[in-house]
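Asks: Structure in structure tokens, see below.
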Amino acid sequence: QRQMCIRDSKGTIGPDVIDIRKLYGQTGKFTYDPGFLSTASCNSTITFIDGDKGELLYRGYPIEQLAENCNFLDVAYLLKHGELPNAEEKNDFEATIKKHTMLHEQMVKFYQGFRRDARPMSVMVGVVGALSAFHHEAADFSDAEERNLSFHRIVARMPTIVAMAYKYSIGQPFMYPKNNLDYTSNFMRMMFGVPAEEYEVNPVLVRALDRILILHADHEQNASTSTVRLSGSSGANPYACISAGIACLWGPAHGGANEACLQMLEEIHDVSRVGEYIARAKDKND
């Protein structure tokens, strides 16, 4: 029976795979694997991670090389298309993203329905999900042009949505996108600029944030990725699917860990204490 229902397969990188799709049909038995600890849910050529070895590959490129030589939009293009863009493709892609950074003005009014002290992730779930009410046609997955348009809108508008959520929480006016700035500089201006004065871009901070975006661009079949895929498998509107992924990301066992890191940075307070906290992070008993 094992020969009949189980087929071995090889991964390009990482462990070999046992294909058990026909197991239930031929044996009447399920497998039990909470958390996908030993299960691959799809074929993918996008990302490979080995956390124990500190390896992260996007489309086969080591993260160290991408962080050193690319910006976030280069990496976004790579993840979608499988290869880094040439000079013409890079210019076209960046120009396309800049065309889609603005939100519908009616969406801007949504923020006023939230409490000023609303958690940022709750605002993100609501506003990103609301994009589906403005783009019904995006649910047609058979249309390659619509799929590309949805991708461009998500990449372009996420910084705008995030920055508006932040500005609303601190009572400052929204800063609209400025297309003469690059992706990350534009994000920082929308976050920290004010209409009363011209925002001065700090290239050191922009490069640091851009590398953070690169590092977080994709993390294999993690919880939020799996949530988006599961939602999308029903044919739901892609913006609603992304909103579901954000809801999953919210939790302290996933993206919420980043919030804990920010709190820890406040606790560290001074660079002289960094070594102490790194030692604690490596201590399995802490």
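The values are calculated or read from the model by the stated rules, or taken from the named source; none is laboratory data. Just so you know, these numbers come straight off a predicted model, no measurement behind them. Cβ placement follows ideal geometry from the backbone for every residue including glycine, while neighbour counts extend to all protein chains displayed. All accessible areas refer to the heavy atoms of the entire protein, side chains included, with ligands and DNA or RNA removed. Shrake-Rupley method; radii C 1.70, N 1.55, O 1.52, S 1.80 Å.
Residues are listed down the side, and each one gets a yes or a no for (1) of a type in the set (S, T, N, Q); (2) under 19 Å from the mean Cα position of the chain (by Cα):
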residue	(1), (2)
Q172	yes, no
N186	yes, yes
A196	no, no
H219	no, yes
A223	no, yes
S233	yes, yes
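Asks: In region 144-167, what residues are charged (D, E, K, R) and open to solvent by 60 Å² or more (accessible area, probe 1.4 Å)? Explain how you work it out, then say what you get.
Replies: First pass over region 144-167, keeping only residues charged (D, E, K, R): 145-147, 153, 157, 167.
Selection gives E145, R147.
Asks: Further question on the same structure: Within region 92-125, which residues are under 21 Å from E259 (Cα atoms) and either among the basic types (K, R) or within 17 Å of the chain's Cα centre (by Cα) (or both)?
Replies: Step one: list which residues in region 92-125 are under 21 Å from E259 (Cα atoms), which gives 114-125.
R115, R116, R119, P120, M121, S122, V123, M124, V125 - these are the residues of region 92-125 that are under 21 Å from E259 (Cα atoms) and either among the basic types (K, R) or within 17 Å of the chain's Cα centre (by Cα) (or both).
Asks: Go through region 264-286 and report how many residues are assigned to a helix (DSSP H, G or I) and within 26 Å of D52 (Cβ to Cβ).
Replies: Matching residues across region 264-286 total 12.
Asks: Residue check: is V108 touching a helix residue (DSSP H, G or I) at 6+ places or on another chain (Cβ under 9 Å), crowded, with 21+ Cβ neighbours inside 10 Å and not acidic (D, E)?
Replies: Details: touching a helix residue (DSSP H, G or I) at 6+ places or on another chain (Cβ under 9 Å): yes; crowded, with 21+ Cβ neighbours inside 10 Å: no; not acidic (D, E): yes.
No; evaluated as a whole, the condition is false for this residue.
Asks: Could I ask something else about it? Going by the conditions given, is R207 in contact (Cβ under 8 Å) with a residue 40 or more places away in the chain, of a type in the set (K, R) and open to solvent by 70 Å² or more (accessible area, probe 1.4 Å)?
Replies: No: the conditions fail for R207.
Asks: Still on this model: Would you pick out the residues in region 185-224 that are of a type in the set (S, T, Y) and more than 27 Å from A257 (Cα to Cα)?
Replies: Y199, the sole residue that qualifies.
Asks: Something else about it: With the requirement that a residue be modelled with pLDDT of 90 or more, not aromatic (F, W, Y) and not in a loop (DSSP other than H, G, I, E, B), what does region 28-48 give you?
Replies: T47
Asks: Within region 20-40, can one find any residue that is open to solvent by less than 100 Å² (accessible area, probe 1.4 Å), under 18 Å from R211 (Cβ atoms) and in contact (Cβ under 8 Å) with a residue 24 or more places away in the chain?
Replies: no
Asks: Any idea which of I242, I212, I246 is under 13 Å from the mean Cα position of the chain (by Cα), surrounded by fewer than 16 Cβ atoms within 10 Å (Cβ to Cβ) and under 24 Å from Y58 (Cα atoms)?
Replies: I212
Asks: Scanning for something touching a residue at least 12 places away in the same chain (Cβ under 8 Å), acidic (D, E) and surrounded by 11 or more Cβ atoms within 10 Å (Cβ to Cβ), does region 250-260 turn up at least one residue?
Replies: No, region 250-260 contains no residue that is touching a residue at least 12 places away in the same chain (Cβ under 8 Å), acidic (D, E) and surrounded by 11 or more Cβ atoms within 10 Å (Cβ to Cβ).
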